[in-house]
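Take a look at this one; I'll ask things after.
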Amino acid sequence: MLRMGALVVGLELAALLVAYGYFGWPILVIGVPVIVLTLIALLVVRASEAPRRKLEEHRASRWDPDAALPGGLMSGFFEVSRQRPRP
């Protein structure tokens, strides 16, 4: 994630430099906000990775019988209840 983000920002900077050489300073009005918004988007994605990773681990352990907690919605449904003998 970090390398891909750095690659995207690097390519944006390279494109901005080429455009600056061709068009001059007016291209900075568009290019700089685009780079800033890209950096903000990368920070938001980075911040959302930790909760997503926790959720993925939780979902993976959900079907692991060793990690499962006893009980649940259907616990006791299939157990035969003891019946008292009739007098």
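Search segment 44-61 for residues that are farther than 18 Å from residue 5 by Cβ and pair each with any residue that is open to solvent by less than 70 Å² (accessible area, probe 1.4 Å) and outside any helix (DSSP H, G or I) when their beta-carbon atoms are under 6 Å apart and the residues are at least 6 apart or on different chains.
Close Cβ pairs satisfying both conditions: 61/67.
Residues checked against (1) on the phi < 0 side of the Ramachandran plot; (2) open to solvent by less than 100 Å² (accessible area, probe 1.4 Å); (3) modelled with pLDDT of 90 or more; (4) not in a helix (DSSP H, G or I):
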residue	(1), (2), (3), (4)
7	yes, yes, yes, no
11	yes, no, yes, no
17	yes, no, yes, no
21	yes, yes, yes, no
37	yes, no, yes, no
42	yes, yes, yes, no
72	no, yes, no, yes
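The values are calculated or read from the model by the stated rules, or taken from the named source; none is laboratory data. Remember, it's a predicted structure, so these values are computed and weren't measured experimentally. Don't worry about glycine lacking a Cβ; one is built from the backbone with ideal geometry, like all the others, and counts go over all protein chains shown. Keep in mind that these areas ignore ligands, DNA and RNA; they rest on the heavy atoms of the full protein, side chains included. Shrake-Rupley method; radii C 1.70, N 1.55, O 1.52, S 1.80 Å.
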